[in-house]
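I have placed the structure first, in the form of structure tokens, so that the comments after it can refer back to it.
The values are calculated or read from the model by the stated rules, or taken from the named source; none is laboratory data. Being a predicted model, the structure only gives us computed values, none of them experimental. As a convention, Cβ positions derive from the backbone with ideal geometry for all residues, glycine included, and neighbour counts pool all protein chains shown.
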Amino acid sequence: MLSKSLRARVVCSLILVFFSLGISLKALAQSMDIIEGAKKEGQVVYYTGMNLDQATVFAQEFVKKYPFIKPEIFRSSGEKVLTKYLTEARAKTYRADVFQTSVIQIFQLKEQGLLQKYVSPESSAYPDGFKDLEGHWTAFYLLPYVIGYNTNIVPRKEAPRSYEDLLNVKWKGKIGLEAEQYQWFFHLLKIMGREKGMDFMRRLATQDLQMRHGHSLLTQLVISGEIPISVVLYGNDVEDEKQRKGAPIDWVRFKGPTITAFNAISVPANPPHPNAAKLFVDFALSREGQQILQRSFRRVPARPDASQGMPSIVEGLTLYPARPEELIKNYKETVAQFKEIFRAP
């Protein structure tokens, strides 16, 4: 049980927060039950595709608020995190309490019935496009896809302002594209319409694109000037290089839809510490948790109201959520078309 003084402080704080948000006493009681349950569990196991240093800092911030919980972190690439969880699930040795990776891997767990439904009270602050309407996951942070360019080579006034501008003959041989950019390919076809989109992709392929593996590599190649322009970079990475390091790189703010991939957070099936898992998800989706992502890691929070007092790079953009449902159903066809058009290995 919580000490009387700590419980009193928690109760008072929650009452003020919940009433200011118009949340019912029933919801307040539910939250207190979760805290009491988490206190008894004393641990949360966090499976994540986020950088280990960042995941560790985030978990430490969680512990500052809930010191009665000890975090354990497993970090790897999204695919490896998924593989580990699926291997454990087949053996019925469930260890993960929280699963946080690209929404593509999270959706695969949902499709196999391996996510628990949990609608956090914080999820109401998130747009419908960035959460599962059945309550299985919510976006954690955003990865806006943008055109990036080297400002020493490409004057800002001449920089392409749209994807169609990339078809100008003057950019031939000067454009890079990630060699497995299937999400961007699929969703841009949806935005443009299939016939117009396929025509654009085929014309873009005639620009002698430089295909490379990895967005981080492409960002560095643009900064070095080896590849003056990249079709798809992560806007937050470009902004970080520009603002923090003074690198000669900038990005295009589209007037139309900005395709936005995202990382999501969820509670997997059969979590050993279900209350601690819910408490961690609530913290991750809260304004406080989302502001940690922006302030400490320069990531783009998925929560629209998390940027108060600290402007978000996506402010003013029309975000197009790169949801996984249709892409996964059409994945093999999408990959085959991408590779055929761009002659990707």
Counting only residues that are surrounded by 14 or more Cβ atoms within 10 Å (Cβ to Cβ) and part of a loop (DSSP other than H, G, I, E, B), the range 168-197 contains a total of 4
For the range 324-344, the count of residues that are surrounded by 15 or more Cβ atoms within 10 Å (Cβ to Cβ) and either in contact with a strand residue (DSSP E or B) (Cβ under 9 Å, 6 or more places away or on another chain) or within 22 Å of Gln243 (Cα to Cα) (or both) equals 3
Which number in (1) within 14 Å of Val267 (Cα to Cα); (2) not hydrophobic (A, V, I, L, M, F, W, C); (3) not in a helix (DSSP H, G or I) marks the one condition that Lys92 misses? (1)
Restricting the range 302-323 to residues that are aliphatic (A, V, I, L, M) and surrounded by 14 or more Cβ atoms within 10 Å (Cβ to Cβ), which is farthest from Ile191 (Cα to Cα)? Ala306
Subset of the range 95-131 [assigned to a helix (DSSP H, G or I) and among the acidic types (Asp, Glu)]: Glu111, Glu122, Asp128
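Whether any residue in the range 168-190 is closer than 24 Å to Ile328 by Cβ, of a type in the set (Lys, Arg) and either modelled with pLDDT of 95 or more or touching a strand residue (DSSP E or B) at 6+ places or on another chain (Cβ under 9 Å) (or both) is what I want to check. I'd like the intermediate steps shown before the answer.
Of the residues in the range 168-190, the ones closer than 24 Å to Ile328 by Cβ are 177-190.
Narrowing further to those that are of a type in the set (Lys, Arg): 190.
Narrowing the set further to residues that are either modelled with pLDDT of 95 or more or touching a strand residue (DSSP E or B) at 6+ places or on another chain (Cβ under 9 Å) (or both) leaves 190.
Yes, the range 168-190 contains a residue that is closer than 24 Å to Ile328 by Cβ, of a type in the set (Lys, Arg) and either modelled with pLDDT of 95 or more or touching a strand residue (DSSP E or B) at 6+ places or on another chain (Cβ under 9 Å) (or both).
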Determine, yes or no, whether Ala322 is under 25 Å from Ile34 (Cα atoms) and touching a residue at least 40 places away in the same chain (Cβ under 8 Å). no
Given the residues Ser216, Ser286, Ser266, which is the only one that is closer than 30 Å to Leu86 by Cβ, of a type in the set (S, T, N, Q) and free of Cβ contacts under 8 Å to residues at least 60 places away in the same chain? Ser216
Could you look through the range 122-151, keep only residues that are among the hydrophobic types (A, V, I, L, M, F, W, C) and within 10 Å of the chain's Cα centre (by Cα), and pick out the one that is surrounded by the most Cβ atoms within 10 Å (Cβ to Cβ)? Phe140
Regarding the range 44-64, can at least one residue be identified that is within 30 Å of Gly214 (Cβ to Cβ) and among the basic types (Lys, Arg)? no
